[in-house]
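Engineer: Structure below; questions to follow.
Here, each number is a calculation from the coordinates, and none is a lab measurement. Note that the coordinates shown come from a computational prediction; the quantities given were computed from them, not determined experimentally. Here the Cβ is made from the backbone with ideal geometry for all residues, glycine too, and neighbour counts use every protein chain on show.
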Amino acid sequence: MNYINRPTESPENVTHKTFYSELFGHEIGYNIYLPPDYEKSGKKYPVAYHLHGWTGNETSDIWTLEKVYSNKKSITVFPNNSPVIEDFENLPVESMIINELIPHIDREYRTNATRENRSVSGFSMGGGMAFYYAVKYPELFGSVTAYAGTYHHYYHKDYHGVGEEPEKAAELYENMMREERYVEENNVLYVISQNAEKIRAKLHIKIHVGTADVLFCDNEILHLYLNSLNIPHEYIVFEEIGHEMVKIL
């Protein structure tokens, strides 16, 4: 996996840039969309971050999401959130996004750098990352949209719900709730429970998933847990759709 992945062709108003990461000791690539009036307006803009899926890079989703971001008056950033995929789990990707990329974007561009005006989204691995960061740092993000997020590695290494039939989700959830290991520190369910009050008050959550997705149970379990804590969220299920972001937007 390369640190920098420039597109051969970019949508209108999308530019490829890099920033230097002290944590990685390397320049890391990102694509950024600036609204058409950015250069002349002089005003500040909301900013949205989108995190790509496993084996993807900063260029993977710039065309797929073009209609989404081009219809909003926001800056949109597509970072390379797995710059060394061979050793992804042992590298400080979270700190790179939270402590390096976001401050860099706020310094270099006219962002409205408040929680209410900062959002995060992602697909698959990136959807799980986006959701985890949003609930872990509710003071940073006002909203999160997770497209078919991967959550099993945030549940526990013993979770085996990937690829299970949709009707198995409730049983998997009930079994998980009987075991303390699923609410251990740094587990996503633990993070949600610890920050539940802030999440209820501050964070707008949207979860999209298809019933034919191998990650359906991952997402259904998350939905059931949020319900158990009375955390408002939009849970949008697409019948007979698999693991394809373009079909669940």
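Engineer: Quick check on the chain: of the DSSP beta bridges with both residues there, what percent are antiparallel, nearest 5%?
Structural biologist: For the chain, the DSSP antiparallel bridge percentage is about 35.
Engineer: Right, something else. Would you please classify the overall shape of region 3-68 from the alpha carbon gyration tensor, given that a ≥ b ≥ c denote the square roots of the eigenvalues, rounded means a/c under 1.5, and beyond that prolate means a/b larger than b/c while oblate covers the rest?
Structural biologist: Verdict is oblate for region 3-68.
Engineer: Another question, if that's okay. Extension gain E185-T64, at 0.36 nm per residue separation less the Cα-Cα distance, in nm?
Structural biologist: 40.0 nm
Engineer: For T111, list long-range residues whose amide hydrogen, built 1.01 Å from N in the peptide plane, is under 5 Å from its own amide hydrogen.
Structural biologist: Amide H to amide H, under 5 Å and 5 or more residues apart or across chains, T111 pairs with Y45.
Engineer: Exposed loop trypsin sites (Lys or Arg not before Pro) only (DSSP loop, at most 11 other Cβ atoms within 10 Å): please give the longest stretch of the chain free of them, not including the sites.
Structural biologist: Value returned for the longest uninterrupted segment is 44-156.
Engineer: Calculated from DSSP H runs of 4 or more alone, at -39500 (n - 2.57) each and per residue, what is the 222 nm mean residue ellipticity of the chain, nearest 500?
Structural biologist: Roughly -7000 deg cm²/dmol at 222 nm, from the helical runs in the chain.
Engineer: Taking the Cβ-Cβ separation of V162 and Y38 as r and a Förster radius of 51 Å, what is the calculated FRET efficiency to the nearest 0.05?
Structural biologist: For R0 = 51 Å, the calculated efficiency reads 0.80.
Engineer: Which of F131, F19, F78 moves most in a GNM of the chain, Cα contacts under 10 Å?
Structural biologist: Checking each option, the largest mean-square fluctuation is seen for F19.
Engineer: Step through the table entries K40/K198; K157/K206; K17/K73; K67/K206; K72/K202; K44/K67, compare each Cα-Cα distance with 28 Å, and write down the pairs that go over it.
Structural biologist: Going by Cα-Cα distance, K40/K198 fall outside the 28 Å limit.
Engineer: Then there is this: For region 8-23, in order, what is each residue's ³J(HN,Hα) by Karplus, 6.51 cos²θ - 1.76 cosθ + 1.60 with θ = phi - 60°, in whole Hz (x at glycine and Pro)?
Structural biologist: 6, 8, 10, x, 4, 6, 9, 10, 8, 9, 9, 9, 8, 9, 5, 5
Engineer: Mean separation of Cα pairs under 8 Å and 6+ residues apart, divided by the residue count of region 42-192: what relative contact order is that in percent?
Structural biologist: Taking the mean separation of contacting Cα pairs over the length of region 42-192, I get 23 percent.
Engineer: Output ³J(HN,Hα) for region 36-43: one whole-Hz value per residue in order, computed from phi by the Karplus curve 6.51 cos²θ - 1.76 cosθ + 1.60 with θ = phi - 60°, and x for Gly and Pro.
Structural biologist: Each residue of region 36-43 in turn: x, 8, 4, 5, 9, 6, x, 8 Hz.
Engineer: Test of understanding: ordering D218, D158, D213 by Cβ neighbours within 10 Å, fewest first, what list do you get?
Structural biologist: The most exposed by this proxy come first: D158, D213, D218.
Engineer: What is the spin-label model distance, in nm, from E108 to S95 if the labels are put 7 Å beyond Cα along the C-beta direction?
Structural biologist: According to this spin-label approximation, the distance is 2.1 nm.
Engineer: Same structure, new question: Provide the convex hull volume over Cα atoms per residue for region 8-130, in Å³.
Structural biologist: 106 Å³
Engineer: Can you work out ³J(HN,Hα) from phi for every residue in region 65-75, in order, using Karplus 6.51 cos²θ - 1.76 cosθ + 1.60 and θ = phi - 60°, giving whole Hz and x for Gly and Pro?
Structural biologist: Coupling constants for region 65-75: 9, 4, 5, 6, 7, 6, 8, 10, 8, 9, 6 Hz.
Engineer: Another question, then. For a quick check: sort T18, T59, T8, T145 by the number of other beta carbons within 10 angstrom, fewest at the front.
Structural biologist: Fewest-to-most ranking of T18, T59, T8, T145: T8, T18, T59, T145.
Engineer: Apply the a/c threshold of 1.5 to the C-alpha gyration tensor of the chain and tell me whether it is rounded, prolate or oblate.
Structural biologist: It comes out prolate by the Cα gyration axes.
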